[in-house]
1. Is segment 40-48 home to any residue that is of a type in the set (S, T, Y) and buried (at least 19 other Cβ atoms within 10 Å of the Cβ)?
2. Is one or more of the residues making up segment 240-253 within 15 Å of the ligand (Cβ to nearest atom) and not polar (S, T, N, Q)?
3. If the Cβ limit is 6 Å and pairs must be 6+ apart or interchain, which residue in segment 59-71 that is free of Cβ contacts under 8 Å to residues at least 12 places away in the same chain pairs with which residue that is of a type outside the set (G, A, S)?
4. Could you look through segment 472-490, keep only residues that are assigned to a loop (DSSP other than H, G, I, E, B) and small (G, A, S), and pick out the one that is modelled with the highest pLDDT?
5. So, in segment 377-422, of the ones that are charged (D, E, K, R) and outside any helix (DSSP H, G or I), which residue ends up farthest from F265 (Cα to Cα)?
6. Of all residues being outside any strand (DSSP E or B) and aliphatic (A, V, I, L, M) in segment 18-41, which is farthest from P118 (Cα to Cα)? Just the residue, please.
7. Any residue at all in segment 420-428 that's more than 16 Å from the ligand (Cβ to nearest atom), of a type in the set (F, W, Y) and modelled with pLDDT of 95 or more?
8. Would you confirm whether or not segment 42-52 contains a residue that is part of a loop (DSSP other than H, G, I, E, B) and under 22 Å from the mean Cα position of the chain (by Cα)?
Amino acid sequence: MNYHSTRGKSSNISSAAAILQGLAPDGGLYVPEEFPELFLEKEEFLSMTTYEIFQQVLSALLPDIPTEDIRQLLSRGYDHKFETEDLVPLKQVGDRYVLELYHGPTNAFKDMALSLLPHLVTKSRELEKVEEELLIITATSGDTGKAALVGFSDVPHTKIMVFYPEEGVSSLQKIQMLTQEGENVFVCAVKGNFDDAQRGVKEIFAAIESGELQLPDQLSSANSINIGRLAPQVAYYFKAYRDLVQQDVISYGELVDFVVPTGNFGNILAGYFAKKMGLPVGTLVCASNKNDVLTEFLTTGTYNRLREFYKTNSPSMDILVASNLERLLWMLADRPEEVAGYMKQLAEDGKYTVSQQMMDVINQDFFSSSCLDEEALAIIKEVWEKENYLIDPHTGVAWKAANDYQQSRASAHPLVVLSTASPYKFPEAMLEAFGLEDPEDGFQAMDLLEQHTGVAIPKTLLELKHKKMLHNDLIDPKEIISYVNTKVGGK
Ligand SMILES: *Cc1c(COP(=O)(O)O)cnc(C)c1O
């Protein structure tokens, strides 16, 4: 099975080549030409370890990487880096289930993919016989940056460069990035918001493609446009499903609904991939914060990025251009040129409207609703008081969408909420939820939250206290290409 571009112009390439390229030369995203069925026999499925599930899913989606290698890569990527061997524990909270995706080295779900991506990239480099070093460039709304820095730090033959919006990340997220060690890491703040940073990164790719920028390294991306990031995310949907069967919540084959706090549409798209591969997924609930561009799209069929950008207390979802939506459009389109047309309209007019036919399919598989900051905070407090369970603001947004979904439909399916970050990454917002004063120091804020709830601060965040600030670059988005040039010695 090969990969080709959503814009239809780039020819078929192997999954290893797609991982190395990140973005297709025609500006599209790589998608599998067909979805491998992965319907496992019940006995076999139930007896698998979490690693074995991941291995099966990755082998199905990345068929040119030998199975034995995948096993090794998983071990290199995940062993001893997660708080639990189960990687992503599933917990019952009231009548819902929560898939905790944040027990990795940087306390957000991005670790699931970014702990593994450097190893997938290294293996792909070997398979594709690439001689050049790889330069990984990434825009981040806060969590991808740190997870990518940790993942790639001192990985041979790679450099990692992260751009984050100067004012768009939490204090802890900033500290996490600015203290990152490693000979091959670059961290740079960009004036503006996440979309400005993401657009800047896309301009680098375009400048390379046009020859305007020449670098000694091969360029790739750690953003969720990279297929190597999506594949591990597909795996935990299977894992959650296995747990539900094992715990006798469902019988094998019954449908399960998933609620996903959504920004760049990567996490929820992975759920759609899982469904395409045969996992009994019912509805995928797309939860937006006040930047509700996706909720508007999924309910009206019009995607309109010409709108105000809000800074919210769930910053990892503050995005107006959700890149991975393009992959969904491609999967639902009738004609291969259709998606390129929508993307052209998006670039030129700032919006597009999809066909009614496409909306009919979307309505079958998706539900969406949005949540304001104050609603998310009220929910955090309520879930804590009722269930004695602490959720972060992104998961709060998802919880609200789960409420809306259950009120609007009498769904009989069990509901799994994907929990994407540790509450301790966003201590200021958490304190506000509990009506406690913010001490204006990230570490003190964490301490206060711990005193108030008795939930322990993750070790990885505590350790930051003793680290030095190592980075202080700040640029205008216009300077992004010259920044890359200066730092990595292009011509
Ligand atoms: C990245 C992120 C999201 C959004 O995920 P997408 O794949 O971009 O939709 C949600 N919550 C947290 C905590 C994140 O870091």
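The values are calculated or read from the model by the stated rules, or taken from the named source; none is laboratory data. Treat the numbers as computed from the prediction; the structure is a model and nothing was measured. Methodologically, a virtual Cβ is constructed for each residue, glycine included, from the backbone with ideal geometry; neighbour enumeration extends over all protein chains shown.
1. Scanning segment 40-48, I find no residue that is of a type in the set (S, T, Y) and buried (at least 19 other Cβ atoms within 10 Å of the Cβ), so the answer is no.
2. Checking segment 240-253: not a single residue is within 15 Å of the ligand (Cβ to nearest atom) and not polar (S, T, N, Q).
3. S59/T67; S59/I70
4. The qualifying residue modelled with the highest pLDDT is G489.
5. R409
6. Looking at the filtered set, the residue picked out is L40.
7. Checked segment 420-428: no residue is more than 16 Å from the ligand (Cβ to nearest atom), of a type in the set (F, W, Y) and modelled with pLDDT of 95 or more.
8. Checking segment 42-52: not a single residue is part of a loop (DSSP other than H, G, I, E, B) and under 22 Å from the mean Cα position of the chain (by Cα).
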